[in-house]
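Take a look at the structure set out below.
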Amino acid sequence: MNQEIEILSEYLPGEVAAEVWQLIKTEKKLVLKISNRRTTKLGDYRMLNYGRHQISINYDLNPYQFLLTLLHELAHYYTYKKYGRRVKPHGAEWKQIFGVLINRFNRPDVFPQEIIPILKKYAQNPKASTSGDGKLFIELSKYDTKIDDNMKYVFELLPGSLFKLENGQVFELKEKRRTRYACININNKRNYLIHQNAKVYPLENKS
């Protein structure tokens, strides 16, 4: 086992690391970076100088979320490689490529049995983020092991609840608006929309 496969095997499920590495290895101008935890995104794809490309994935994702995020970003790379800037980042072309990648790995030796049918349906019309599909997100989150037990999802809180983000900012939860909640920043009194699947620290309300 080479070093790259050995490193990837620490983050990916089952024995899939070699297969995933082959996808990356064949792309000579593509670099994979494992990043620190980022509260605003699970991973990203970007173009670098001199025709090079980079995919970065948060290190703290569970194996199934790590793989899906990696496939999500790979789909961005393949979409750009085929269409350039002519198509939308999460348009029909990206959805088709991402769906093919998902179906390639959506099998019992990679994903738990209960996730496979949910993922099969998701692959038909992938959203811009797995958190946009509530059922899939909840199933994936069951395998989280690197998340602080004191944290909760925003959707688990009641209106009027106070909570703190990892950056220390404190908010009061107001009302739900589709997949996000209207919240007020306690310090600057400004309104913000925070995703329902964001992980936060609940605080006691002081009345």
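Numbers for the structure displayed
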| quantity | calculated |
| --- | --- |
| Set ILE118, ILE102: member being over 21 Å from SER9 (Cα atoms), of a type outside the set (Asp, Glu) and out of contact with any strand residue (DSSP E or B) (no Cβ under 7 Å at 6 or more places or on another chain) | ILE118 |
| Members of segment 1-58 found to be in a strand (DSSP E or B), charged (D, E, K, R) and touching a helix residue (DSSP H, G or I) at 6+ places or on another chain (Cβ under 8 Å), listed by number | ASP44 |
| For ASN49: the one exception among (1) touching a Gly at 6+ places or on another chain (Cβ under 8 Å); (2) over 30 Å from PRO108 (Cβ atoms) | (1) |
| PHE111 vs. criteria at pLDDT 95 or above and part of a strand (DSSP E or B) | no |
| Matching entry among LYS25, LYS29 (being in contact with a Gly (Cβ under 6 Å, 6 or more places away or on another chain), modelled with pLDDT under 95, surrounded by fewer than 19 Cβ atoms within 10 Å (Cβ to Cβ) and over 23 Å from THR145 (Cα atoms)) | LYS29 |
| Complete set of residues in segment 105-140 that are among the hydroxyl-bearing types (Ser, Thr, Tyr) and without any contact (Cβ under 8 Å) to a residue 60 or more places away in the chain | TYR122 |
| Filtered residues of segment 38-53 (kept if surrounded by 12 or more Cβ atoms within 10 Å (Cβ to Cβ) and in contact with a Lys or Arg (Cβ under 7 Å, 6 or more places away or on another chain)) | ARG52, HIS53 |
| Any hit, segment 142-159, residues being without any contact (Cβ under 8 Å) to a residue 24 or more places away in the chain and under 21 Å from PRO13 (Cβ atoms) | yes |
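The values are calculated or read from the model by the stated rules, or taken from the named source; none is laboratory data. Nothing here was measured: the structure is a model prediction, and the numbers come from that model. All Cβ positions, glycine included, derive from the backbone under ideal geometry; neighbour counts span all protein chains shown.
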